[in-house]
């Protein structure tokens, strides 16, 4: 099962969950700053994302590291809820993504329908 990866909810040790969460928060903030959350918005609760985005908007002046720390402290439950909803996102036993998040999202974006 570990070769295929584990969903966030299936990670059974706290260190792996913390690593997965930090990786995801860093990625989410990067996508937020690029204004590229469409794919995630199609798969996760918009209400939960709105909560996170409000915190990010109010603290946009902070550097990435500080924003990750603050955002995790204020929105940890919201990030965990999104991770639970993203069932195609898989991690190894150490909490590292099986497929790098940037590559996973690029593949998802490429599969979106385009307007003619």
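Please work out if residue 50 is without any contact (Cβ under 8 Å) to a residue 40 or more places away in the chain and farther than 20 Å from residue 97 by Cβ. Yes: the conditions hold for residue 50. The residue of segment 48-59 that is surrounded by the most Cβ atoms within 10 Å (Cβ to Cβ), among those that are assigned to a helix (DSSP H, G or I) and in contact with a helix residue (DSSP H, G or I) (Cβ under 8 Å, 6 or more places away or on another chain), is 52. Taking residue 29 as meeting all but one of (1) at positive phi; (2) under 12 Å from the mean Cα position of the chain (by Cα), write down the number of the exception. So residue 29 meets the others, but not (1). Quick check on residue 38: is it loosely packed, with under 14 Cβ neighbours inside 10 Å and under 11 Å from the mean Cα position of the chain (by Cα)? When the stated conditions are applied, residue 38 does not pass them. Against the criterion of being in contact (Cβ under 8 Å) with a residue 24 or more places away in the chain, touching a helix residue (DSSP H, G or I) at 6+ places or on another chain (Cβ under 9 Å) and surrounded by 14 or more Cβ atoms within 10 Å (Cβ to Cβ), residue 62 does not qualify. On inspection, residue 103 fails the criterion of being modelled with pLDDT of 95 or more and within 18 Å of residue 40 (Cβ to Cβ). When 74, 83 are screened for being surrounded by 14 or more Cβ atoms within 10 Å (Cβ to Cβ), in contact (Cβ under 8 Å) with a residue 60 or more places away in the chain and in contact with a helix residue (DSSP H, G or I) (Cβ under 6 Å, 6 or more places away or on another chain), only 83 passes.
When segment 1-47 is filtered for residues that are assigned to a helix (DSSP H, G or I), farther than 23 Å from residue 106 by Cβ and without any contact (Cβ under 8 Å) to a residue 40 or more places away in the chain, the ones remaining, listed by number, are 10, 14, 47.
The values are calculated or read from the model by the stated rules, or taken from the named source; none is laboratory data. None of these values were measured; they are calculated from a predicted model. Glycine also receives a Cβ, built like all others from the backbone with ideal geometry; neighbour counts cover every protein chain displayed.
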